[in-house]
Amino acid sequence: MSDQKSTKNPVKDLWDKIGKRMSELIKDGTLKKIGADELCELIQKEFAESFGALGYDFSKKKFACKLDKFIWTSDVDKALRRVVRERIGLETFYSSFPNIPMEMVKARERWHKGISSAYREARQNQTGIFRIRADVSLTELKKIKIPRSSCKKPVNIPSENNRTNWHIMCLNGSNIGVLYPESDIVGNPVRRALSDADFRGDDTIILTNILVMDLKKAGGPQKLGRMLALGDNINPDVFASPSYRERVKEILANSPMDKIIYRTAEDLLDDLLAGWKKIFTKPDKRLEYDRPIHVVLGINEEDLIKTIAYWEINFQTKQRQDELRSEISTIKSGIKKADKARNFKHANKLETELLITQKELALTTVTQVATQEGHRFVDYAKSLVVNKIERAIPNSKVIGMGTTYISIGNSGTIEINIPEHDRVTDTLLANYCKQYGPKVLREDMAKTVVICHPYSLNPRMTERQVDKDGKRGSSKVFVAPICVDDACIRRSMEHTVRKVHNVAKMAHSEQARTGVLRLNCVNGLVEGDIIPLEALESFEEDKYKKVRAGRKKEKEFYSVGPKYIWRMYGSDPHWGGRSKEMVSCKDTGERLGMVEAVFQMMRKAGLTKNLSMPVHTFSVPDDPVQGQNFNARVEPHPHQLPPHKIEQYVHNMRLQAERASDAGEVRRILNSIDDFYKYQIEKRGSDFPLDQMFQMIERHVESYVDVFAAILRRAEKAGLIVRGVGEFVNEKFGGFDTRNIGIINFGSGNHLAHTVNGEIIEGPFYAKYLRAFLGQISDFKKRQQFLEKAVVAPLYGGQSIGWGTIRVKHGYEYGSVMRSTPTRMAGWGDTLLGAVRNDPLRGNYSRIFNGRVVQNDCGDKHFVGLVITSYCIYHMCPAGVHTDNYGEHGFPPNSTGVSFVGLPADGPDSGPILLRILPYDVIKDFVEDNPRSFDWKAYLPNPA
């Protein structure tokens, strides 16, 4: 096989041999001793025969490209980047890597620091406080208008061929002006986000909250506290005065305590915007991202605009006052001269002019500026800032200020929501969802909402029901993280006690998780991919470069990067309940619950065969059956007909069938009767708990043994290793622990527990039945020990709680929690808010989660939820039921469907964390209304 491979690509094989030889010559000091040119000649001589046999043109240019690759391996380059980032000095790096020539080290250092010619040319300072000069004429500024948008009239953003599958990056909270290692442009989070968007081929980038400046002229010691979180650096070359320029250089060089550098607001703004050019521009002058950039101005940019307008009015007012005082002085002098010359007529005229001028001075001094003038100057400042941003950021267009609506492809409107405050808070999602109802009633609720706050603590997500004209619909609501180097801010402020600036408060919160949000539309569904800061440019890692080489042939979006552990969830199916949501499968004629309908979609796509199943684990965290949690017998479903009405309906349909003239009409009537009976049976429910449990066993467990078997096969094929908590805390006695998690997990809920006073737990019954069914399949016969560990029902006393760890072979080991219900609630706007707030006081409650990021899954509340912190991925599953009369206690309509979580197998910092939600309306569309194939490969990409 190796011979076939070498004849297939002999040039590649030759370069592999040359690479090994070059690495040897670098390590033994030959490169440093003889230099790059002589090393090139040496390689040419050693491999001359091979070059000749292949007819290969070996040149110095090709050699130089390969030499860089072999010198600057991932580990070596990271070591240099650390030196540059922390300003340690090249001597430290050179002591560890003495065989790399110093001139090459210095050249690479310059590459890491980025271009240095991004600043504007020096020019005379603008007179006045916080006055910003326009770069174009007033006429041109007046032409600049920010588009207006609404949910019904969004700003359209073209995608390639207006396709159904698209992806855009929401780069929120870049906050240029905060602390970051300015000497390490390669490690700059915004540059890495641009590079990631370019490599993945994102259709556009939505930029929000792009600048941060301290706009207060004074403020005492608190102003210094804000300064400590900011990182705008001084470039002496921007100062117009040669003498002051030299003074600045001297102060920067010697740091004398009796001299201070001062700069104008215009210098600061232009330098911050020039920072965008530096971030965007590669050393070879190409752009990091060369597609359209769409900018939405936020609260910081609005404050900048209002500050410019205020100080411009203030300057013009003061200037006019000075002019009037000068005129008054001149008039008074003229009056004296006229009186002295006894020219009383002229003196009287001047007295009248003096009175008019004094009145105007009084107007500018003791009265208010006209409101209309405030509008005029704000419009001027707005146009000025927009012009400067669009000139500074390549290919950019400002499309909105504040909440803005966009559309892309045919996937509905996207609301870019800009909160009206800059507080650091964990209630951004909760506050939005508390007020979403009126938008639904006005038909103004966007299909997708992205909340973009300049100091967002972490990414969050939920789903809300957007029902219309009697039909169910849904919208997804995301909170975008911010793209700042929070670790750098913490390092730089480690000796600061009071955190004054909001970005410092955010960075020092235990909940903080920075990164970017990518909206990824697959099968017409818009999903949110959370990319942690550390995972940006993960495709640059050495271990992914082989895959990267063939990326153009790959159709999977995340094919270059880590493999994924895909986990599927179908919580709260409530078998036997009157509010259970069902859909009719056109292919089989069956009525299916949410999970079963998705299983059927998987079957239809052939995922149960040939190891095609992408899912590695499956869990039902809560309430498999309805039980008798409340007295359902006296609370009939609103669609439940009395028996005589059912008889009357069937009788009338039978008469229609007898009068039908053709077989097709008869079939239609029979189908209508069939649908009617099924629906009425469902709406009556099954009140006897035993019947409910057997429905769970027969309609969920037994009917889809092939799907469960396919999941187990995928898990084994991937080398999935699931360790229950008992393998850590009870290893001495075989690892037994009722809380052990498995590959397939059946939970138990409060519904049946309340029915039988907690005396029976249902999950173990379903696990036992599934193990028995699986044991009849050839793959799992005589593998009882494996099934006992793989198919479980975790219990902690009488509650469904499971703990353990999960990983693939050689992969990162995540902590894993499955519980029926969250530990705490803090309202229905964000159903995970209470649990996230509560966890920091619990510590390592399982005793096994130290050193691991934990995925914490729960159900019970009938809402989708996701929160990602630095230590935990919180996930709440949707339910299998619609909102019933219990919701009339004042709860929002609940989420219905199935969810998937994709964990990067190499760890939470190695790639995006992927959440996929299939809501009821989508499942119904694919299974009942318009049956068609579903692209599972694109939807659940790159499974381990």
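Inclusion of Glu540 among residues that are at pLDDT 90 or above, more than 30 Å from Asn745 (Cα to Cα) and either over 21 Å from the mean Cα position of the chain (by Cα) or outside the structural domain of Trp72 (by the TED database) (or both) is not warranted. The numbered conditions (1) assigned to a loop (DSSP other than H, G, I, E, B); (2) at pLDDT 95 or above; (3) under 26 Å from Thr896 (Cα atoms) are all true for Arg852 except (3). Step by step: first the residues of the range 658-705, then only those that are among the aromatic types (Phe, Trp, Tyr) and surrounded by 14 or more Cβ atoms within 10 Å (Cβ to Cβ), then the one that is nearest to Met582 (Cα to Cα). Which residue is that? Among them, the one singled out is Tyr679. When you scan the range 766-778, do you find a residue that is within 27 Å of Leu918 (Cα to Cα) and without any contact (Cβ under 8 Å) to a residue 60 or more places away in the chain, even just one? Yes. For the range 929-943, a residue qualifies if it is touching a residue at least 60 places away in the same chain (Cβ under 8 Å) and either of a type in the set (Gly, Ala, Ser) or part of a helix (DSSP H, G or I) (or both), and the qualifying residues are Ser933, Trp936, Lys937, Ala938, Tyr939.
Among residues of the range 240-295 being among the β-branched types (Val, Ile, Thr) and over 30 Å from Ile408 (Cα atoms), the one that is most open to solvent (accessible area, probe 1.4 Å) is Ile260. Only one of the numbered conditions (1) touching a helix residue (DSSP H, G or I) at 6+ places or on another chain (Cβ under 7 Å); (2) under 16 Å from Arg819 (Cα atoms); (3) hydroxyl-bearing (Ser, Thr, Tyr) is violated by Tyr769, and that is (2). With the requirement that a residue be open to solvent by 100 Å² or more (accessible area, probe 1.4 Å) and closer than 30 Å to Thr307 by Cβ, what does the range 339-376 give you? Leu363, Val366, Gln368, Thr371, Gln372, His375, Arg376 - these are the residues of the range 339-376 that are open to solvent by 100 Å² or more (accessible area, probe 1.4 Å) and closer than 30 Å to Thr307 by Cβ.
All conditions in (1) at pLDDT 70 or above; (2) of a type outside the set (A, V, I, L, M); (3) buried (at least 17 other Cβ atoms within 10 Å of the Cβ) hold for Lys106, with the sole exception of (3). Does Glu288 fit the bill of being assigned by the TED database to the domain that holds Pro419 and in contact (Cβ under 8 Å) with a residue 40 or more places away in the chain? In short, yes.
Restricting attention to the range 503-530, the residues that are modelled with pLDDT under 90 and polar (S, T, N, Q) add up to 1. Residue count for the range 20-77 under the criterion of being surrounded by 12 or more Cβ atoms within 10 Å (Cβ to Cβ), without any contact (Cβ under 8 Å) to a residue 24 or more places away in the chain and either on the phi > 0 side of the Ramachandran plot or aliphatic (A, V, I, L, M) (or both): the result is 3. Going by the structure shown, is Phe900 touching a Lys or Arg at 6+ places or on another chain (Cβ under 8 Å), aromatic (Phe, Trp, Tyr) and either over 30 Å from Asp485 (Cβ atoms) or assigned by the TED database to the domain that holds Ile482 (or both)? Yes; evaluated as a whole, the condition is true for this residue. All of Leu655, Leu641 fail the test of being in a helix (DSSP H, G or I) and either in contact (Cβ under 8 Å) with a residue 12 or more places away in the chain or open to solvent by less than 80 Å² (accessible area, probe 1.4 Å) (or both), apart from Leu655. Selection of first residues in the range 658-676 that are outside the structural domain of Met582 (by the TED database) and of second residues that are of a type outside the set (Gly, Ala, Ser), restricted to Cβ pairs under 7 Å at least 6 apart or on distinct chains, gives the following pairs, ordered by first then second residue: Ala660/Val666; Ala660/Ile669; Ile669/Met653; Ile669/Gln656; Ser672/Met653; Ile673/Val650; Ile673/Met653; Phe676/Tyr649.
Of all the listed residues (Phe618, Phe599, Phe630), the sole one being in contact (Cβ under 8 Å) with a residue 60 or more places away in the chain, assigned to a helix (DSSP H, G or I), open to solvent by less than 70 Å² (accessible area, probe 1.4 Å) and not charged (D, E, K, R) is Phe599. Taken over the range 23-37, the residue count meeting the criterion of being of a type in the set (Asp, Glu) and in a helix (DSSP H, G or I) is 2. Is it fair to say Glu590 is open to solvent by 10 Å² or more (accessible area, probe 1.4 Å) and modelled with pLDDT of 90 or more? So Glu590 fits the description; yes. The set of residues from the range 359-379 being within 49 Å of the chain's Cα centre (by Cα) and of a type in the set (Ser, Thr, Tyr) comprises just one member, Thr371. Consider the range 628-650. How many of its residues are hydrophobic (A, V, I, L, M, F, W, C) and within 16 Å of Thr883 (Cβ to Cβ)? Adding up the residues that qualify gives 2. Within the option set Gly897, Gly911, Gly902, being modelled with pLDDT of 95 or more and either in contact with a Ser or Thr (Cβ under 9 Å, 6 or more places away or on another chain) or assigned to a loop (DSSP other than H, G, I, E, B) (or both) holds for one residue only, Gly897.
Lys336 fulfils the conditions (1) open to solvent by 40 Å² or more (accessible area, probe 1.4 Å); (2) part of a strand (DSSP E or B); (3) not acidic (Asp, Glu) except for a single criterion, (2). Is it the case that Val836 is surrounded by 14 or more Cβ atoms within 10 Å (Cβ to Cβ), more than 19 Å from Gly802 (Cα to Cα), touching a residue at least 60 places away in the same chain (Cβ under 8 Å) and in contact with a strand residue (DSSP E or B) (Cβ under 8 Å, 6 or more places away or on another chain)? For Val836, the condition - surrounded by 14 or more Cβ atoms within 10 Å (Cβ to Cβ), more than 19 Å from Gly802 (Cα to Cα), touching a residue at least 60 places away in the same chain (Cβ under 8 Å) and in contact with a strand residue (DSSP E or B) (Cβ under 8 Å, 6 or more places away or on another chain) - is not met. Just wondering, is there one or more residues in the range 485-502 that are within 19 Å of the chain's Cα centre (by Cα) and of a type in the set (D, E, K, R)? Yes. Here is a check on your reading of the model: is Arg852 over 21 Å from Lys476 (Cβ atoms), in contact (Cβ under 8 Å) with a residue 60 or more places away in the chain and open to solvent by 10 Å² or more (accessible area, probe 1.4 Å)? Answer is no for this residue. Can you pull out every residue in the range 399-436 that is of a type in the set (Val, Ile, Thr), part of a loop (DSSP other than H, G, I, E, B) and closer than 18 Å to Leu519 by Cα? Matches in the range 399-436: Thr403, Ile408, Ile418.
Only helices (runs of 4 or more DSSP H) whose full extent lies in the range 683-753 are considered here, and the ones with at least 2 residues that are within 23 Å of Phe849 (Cβ to Cβ) are 726-729. Going residue by residue through the range 883-905, is there one that turns out to be free of Cβ contacts under 8 Å to residues at least 60 places away in the same chain and at positive phi? The answer is yes, given that some residue of the range 883-905 is free of Cβ contacts under 8 Å to residues at least 60 places away in the same chain and at positive phi. May I ask you to list the residues in the range 773-820 that are touching a strand residue (DSSP E or B) at 6+ places or on another chain (Cβ under 6 Å) and part of a loop (DSSP other than H, G, I, E, B)? Answer for the range 773-820, where residues must be touching a strand residue (DSSP E or B) at 6+ places or on another chain (Cβ under 6 Å) and part of a loop (DSSP other than H, G, I, E, B): Ala793, Pro794, Glu813.
The values are calculated or read from the model by the stated rules, or taken from the named source; none is laboratory data. Keep in mind that this is a model prediction, so the values were computed, not measured. So basically every Cβ, Gly included, is an ideal-geometry build from the backbone, and we count neighbours across all protein chains shown. The protein model used for the area step is the full one, side chains on, heavy atoms only, and it has no ligands, DNA or RNA in it. Shrake-Rupley method; radii C 1.70, N 1.55, O 1.52, S 1.80 Å.
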